[in-house]
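Accompanying notes for the structure given below.
The values are calculated or read from the model by the stated rules, or taken from the named source; none is laboratory data. Because the structure is predicted, anything quoted here is derived from the model rather than measured. FYI the Cβ positions are ideal-geometry reconstructions off the backbone, even for glycines, and counts take in every protein chain you see. Accessible surface areas use protein heavy atoms only, side chains included; no ligands, DNA or RNA. Shrake-Rupley method; radii C 1.70, N 1.55, O 1.52, S 1.80 Å.
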Amino acid sequence: VSIDDIKDYVQFPKQRKVPRKAISIEVLKKICNNASPQRRALYYTLISSGMRLGEALSLTKKNFHTNENPVRITIDAENTKTKESRETFITSEAFEKVKPILESKGDADFVFTVFKDNIHAVINEDQVFGNLRTRLGLTEKSPNSCRYEVSLHGFRGYFHTKASQKHGSEYANALDGHGAYLKQYYQLTPEDRAAKYLDLEPSLFVESIKTES
């Protein structure tokens, strides 16, 4: 059967695509306030850096450059989806949560997990988050889908939205780890990269943002 015959006589159903709901700051606060100190540090890191969960779980103490403002994080190439090393930052608020953990770790120790295998680490964190999500009653799913509206991946989407609003989608994509935008990002000097993040930082605060009671 030729490809033209298939196009003429076979109609494949189109996959339904429903846009995900954005996670609100109220939900983020609820999650972080009910998480353990270790998980709260991880969640603040994900929200303020745009990292994928697997990337965050691959971080060791040496990946955190704590003598800089803002605190810069380098992600090794072998631990990124695009297999390109990159950098991102975390807020001062996030660093307050991470600092006690870093003080108890050696340079080669994983910061957010005890699992040496990254896949097992990701599965474990998904399960822990799933239990927390159920306990908080955040179990709504997307229409015609098995995906939950609130997920760890949604933290990355929250960051992307805030970064795009402040500095444009190219900047957000570069920090998110989309390889096509990294070259343009690294044309900025380290000082300019830090300055842009400091300008973005207030938008990424969770604890410091007041909401209506």
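Please work out the FRET efficiency for the pair TYR186 and ALA108, using the Cβ-Cβ distance as r and a Förster radius of 22 Å; give the result to the nearest 0.05.
Values: r = 26 Å, r/R0 = 1.20.
The computed FRET efficiency comes out at 0.25.
Need one number: nm distance between label points at THR74 and THR134, each 7 Å from Cα along Cα→Cβ, rounded to one decimal.
Each label point lies 7 Å from its Cα, and together they span 4.2 nm.
Would you mind telling me the share, in percent, of accessible area of segment 26-81 contributed by carbon and sulfur at probe 1.4 angstrom? Walk me through the numbers before you get to the answer.
On the way: 930 of 2080 Å².
That fraction is 45 percent.
Can you send over the carbon and sulfur percentage of the accessible area for segment 88-213, probe radius 1.4 Å, protein chains only? The partial results should precede the final answer.
On the way: 3580 of 7080 Å².
For segment 88-213, the apolar C and S fraction of the accessible surface comes to 51 percent.
Taking the chain as a Gaussian network, where each spring joins two C-alpha atoms under 10 Å apart, which residue of ILE119, ILE47, ILE101 fluctuates the most?
Of ILE119, ILE47, ILE101, the Gaussian network model singles out ILE119 as fluctuating most.
Hey, what do the phi angles of segment 184-193 turn into as Karplus ³J(HN,Hα) couplings, whole Hz, using 6.51/-1.76/1.60 and θ = phi - 60°, x for Gly and Pro?
Whole-Hz 3J(HN,Hα) from phi for segment 184-193: 5, 5, 7, 6, 6, 6, x, 5, 5, 5.
Return the long-range amide H neighbours of VAL71 (sequence gap of 5 or more, or a different chain), with a cut-off of under 5 Å between placed amide H atoms.
Amide H neighbours of VAL71: ILE90.
Can you give the FRET efficiency to the nearest 0.05 for HIS153 and ASN34, using r as the Cβ-Cβ distance and R₀ = 22 Å? The partial results should precede the final answer.
Details: r = 19 Å, r/R0 = 0.87.
The value I calculate is 0.70.
Which links in LYS30/LYS196; LYS61/LYS97; LYS30/LYS62; LYS30/LYS97; LYS61/LYS83; LYS14/LYS81 stretch past 25 Å when you go from one Cα to the other?
On the way: LYS30/LYS196 28 Å; LYS61/LYS97 14 Å; LYS30/LYS62 31 Å; LYS30/LYS97 16 Å; LYS61/LYS83 20 Å; LYS14/LYS81 28 Å.
The pairs that break the limit, which is 25 Å between Cα atoms, are LYS30/LYS196; LYS30/LYS62; LYS14/LYS81.
What does the accessible area of ARG52 come to, in Å² to the nearest 10, when a probe of 1.4 Å is used?
Accessible area, nearest 10 Å²: 50 Å².
How much FRET efficiency would the formula 1/(1 + (r/R0)^6) give for LYS116 and GLN11, where r is the Cβ-Cβ distance and R0 is 45 Å, rounded to 0.05? The partial results should precede the final answer.
Details: r = 48 Å, r/R0 = 1.08.
After rounding to 0.05, the efficiency reads 0.40.
Indicate the gyration tensor shape class of segment 35-133 (rounded, prolate or oblate), computed on the Cα atoms with a ≥ b ≥ c the square roots of the eigenvalues: a/c under 1.5 is rounded; otherwise a/b larger than b/c is prolate and the rest oblate.
Verdict is rounded for segment 35-133.
As an exercise, identify the GluC sites (Glu not before Pro) in segment 27-79 lying in DSSP coil whose Cβ has no more than 14 other Cβ atoms within 10 Å. List each step's numbers first, then the result.
On the way: sites: GLU55, GLU68, GLU78; in loops: GLU68.
Taking segment 27-79 and a limit of 14 other Cβ atoms within 10 Å, the loop GluC sites (Glu not before Pro) found are GLU68.
What does the helix-only formula give at 222 nm for the chain: each DSSP H stretch with n ≥ 4 adding -39500 (n - 2.57), the total divided by the residues, and the result rounded to the nearest 500 deg cm²/dmol?
Numbers: 10 runs with 103 residues, N = 213.
Estimated from H runs of four or more residues: -14500 deg cm²/dmol.
Could you give the accessible area per residue of segment 52-204, probe 1.4 Å, as a whole number in Å²? Could the numbers behind the result be given before it?
Details: 7870 Å² over 153 residues.
Counting only protein heavy atoms, the per-residue value for segment 52-204 is 51 Å².
Compute the Cα gyration tensor for segment 69-191, then decide on rounded, prolate or oblate, letting a ≥ b ≥ c be the square roots of its eigenvalues: rounded whenever a/c is under 1.5, prolate when a/b is larger than b/c in the other cases, and oblate in all that remain.
Details: a/c = 1.70, a/b = 1.21, b/c = 1.41.
Verdict is oblate for segment 69-191.
What list of ³J(HN,Hα) values in whole Hz, one per residue of segment 78-95 in order, does the Karplus curve 6.51 cos²θ - 1.76 cosθ + 1.60 (θ = phi - 60°) give from phi, with Gly and Pro shown as x?
Using θ = phi - 60°, the values come out as 5, 9, 9, 5, 8, 6, 10, 5, 8, 10, 8, 9, 10, 6, 4, 5, 5, 5 Hz.
With the cut-off at 1.5 for a/c, could you classify the chain from its C-alpha gyration tensor as rounded, prolate or oblate?
On the way: a/c = 1.61, a/b = 1.34, b/c = 1.20.
Verdict is prolate for the chain.
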